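The values are calculated or read from the model by the stated rules, or taken from the named source; none is laboratory data. From a predicted model like this one, the values you see are computed outputs, not experimental measurements. Virtual Cβ from ideal backbone geometry, glycine too; neighbours counted across all protein chains shown.
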Amino acid sequence: MRTKGKPSSMRGIRQLAEHLDISIGTVSRALNGKPDVNEETRRRVLAAAEELGYVANQSGRSLRQGETKVIGLMIESSQEAVENADNFFLGVTSGLQHVFARHKLDLLMLPCPSDEDPCEYLKRMVARRVVDAMIISNTQRIDRRIDLLSRARIPFAAVGRSLSAGNFPWIDLDFEGVAERAVERLAARGHRRIAITAPSSEVNLGYVFVESYRRALEKHGIPFNPSLVIRVKSSEQGGYQAAHELLLLEDRPTAVVLIYELMAIGLYRRMMESGIVPGRDLAVIGFRDAPRARFLQPSLSCFRMSLYDLGIALGEMLLANMPAYRELYPDCGRNIIWPLELVQGESDAFEIEAMV
């Protein structure tokens, strides 16, 4: 056997084979745990690979095996998303990675610019075969991405429902429950003019939330007024704009329910500028218990959920729809409405009768 010194740079399997003076095929089979390699040779190969810093050529292996071991998460990339430190997906990804790490799968964030057609962006990703499966978010009322992924036979799961045809896996927040419990809580305090905020885009959650709000009002005998549906961007600035539009109404509402967690910060700021105190002059119910919103005074009534647990459920749902992992997750392929828990604060504590 030839004795070789340690190479200055261990780049791949060929250099490892030359260093050990055995064939590339034997080294490859040893690294991949094939049974036709004797134990002594396997130990030598693994020890040398660790000592010399051998790293497998994953791109070549992926081409041979027809897989990348990468899951794509497509999100919207915009200035407001960057500015919002409490971004929804920062919490979800930790749960996703916990699930994918079990199978040595990597998570790749795919930020779609807000000025680009999401379907065209996704077409490029599909054509380049950069991922084995996809998670899409911000589902539209009719979402062409769903049809694209279905035709391409790429496993996927969606964060959000859609009216697009086809039986596809999705997980969505319980916007119906949020609207129903918020309206019920405010109606019990005597409020009849209850406003809500809704996204200004075609994202489907806005339609779900508005329709749920309409049904909740009807349940309590309160007429639906379209002028009390304030459509703004889902951001802190959107909350500021929503408050400004509420102030312009001739017959102002006595309560408002927000659709996005950071809206409350902007809304509080605009109301305070006008001398209107949330919790005293206007009842406010926020959406999610975001860290930055916890410092608001009066304390914000809002809804709580575990983004980490949501990420785990989403990851397992996706794997349940991938042929290689389906048997490991037999009970995780069903669609899920994710519950939220109401956290009572002081922002909606006053009653209309008490103000007379």
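Computed values, structure above
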item	result
Among (1) outside any helix (DSSP H, G or I); (2) touching a His at 6+ places or on another chain (Cβ under 6 Å) - the single one ALA187 does not satisfy	(1)
Count - residues of region 227-244 that are buried (at least 16 other Cβ atoms within 10 Å of the Cβ), part of a helix (DSSP H, G or I) and either without any contact (Cβ under 8 Å) to a residue 24 or more places away in the chain or polar (S, T, N, Q) (or both)	2
One residue from ALA133, ALA101, ALA127 being small (Gly, Ala, Ser) and touching a strand residue (DSSP E or B) at 6+ places or on another chain (Cβ under 7 Å)	ALA133
Only one of ARG215, ARG185 that is more than 30 Å from ILE71 (Cα to Cα) and in contact with a helix residue (DSSP H, G or I) (Cβ under 8 Å, 6 or more places away or on another chain)	ARG215
Flag for ILE142 being among the β-branched types (Val, Ile, Thr), buried (at least 17 other Cβ atoms within 10 Å of the Cβ), in contact (Cβ under 8 Å) with a residue 12 or more places away in the chain and not in a strand (DSSP E or B)	no
Hits in region 270-294 (condition: of a type in the set (Asp, Glu) and closer than 15 Å to PHE88 by Cα)	ASP289
Among the residues listed as PHE175, PHE224, PHE209, the single one being in contact with a helix residue (DSSP H, G or I) (Cβ under 7 Å, 6 or more places away or on another chain), surrounded by fewer than 15 Cβ atoms within 10 Å (Cβ to Cβ) and at pLDDT 95 or above	PHE224
Pairs with Cβ under 7 Å, 6+ apart, first in region 295-307 and under 25 Å from GLY95 (Cβ atoms), second among the aliphatic types (A, V, I, L, M) and in a strand (DSSP E or B)	LEU300/VAL284; CYS302/ILE285; CYS302/VAL343; PHE303/LEU342; PHE303/VAL343; ARG304/VAL343
Criterion violated by ARG153 - all others in (1) in contact with a helix residue (DSSP H, G or I) (Cβ under 8 Å, 6 or more places away or on another chain); (2) under 16 Å from ILE71 (Cα atoms); (3) of a type in the set (D, E, K, R) satisfied	(1)
Options ARG270, ARG252, ARG231: the member that is modelled with pLDDT under 95 and either in contact with a Ser or Thr (Cβ under 8 Å, 6 or more places away or on another chain) or not polar (S, T, N, Q) (or both)	ARG252
Residue within region 262-281 that is β-branched (Val, Ile, Thr), under 14 Å from PHE350 (Cβ atoms) and not in a loop (DSSP other than H, G, I, E, B) present	no
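Here is a yes/no grid of residues against (1) touching a Ser or Thr at 6+ places or on another chain (Cβ under 9 Å); (2) over 23 Å from LEU73 (Cβ atoms); (3) among the acidic types (Asp, Glu):
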{"site": "PRO291", "(1), (2), (3)": "no, no, no"}
{"site": "PHE295", "(1), (2), (3)": "no, yes, no"}
{"site": "LEU300", "(1), (2), (3)": "yes, yes, no"}
{"site": "TYR325", "(1), (2), (3)": "no, no, no"}
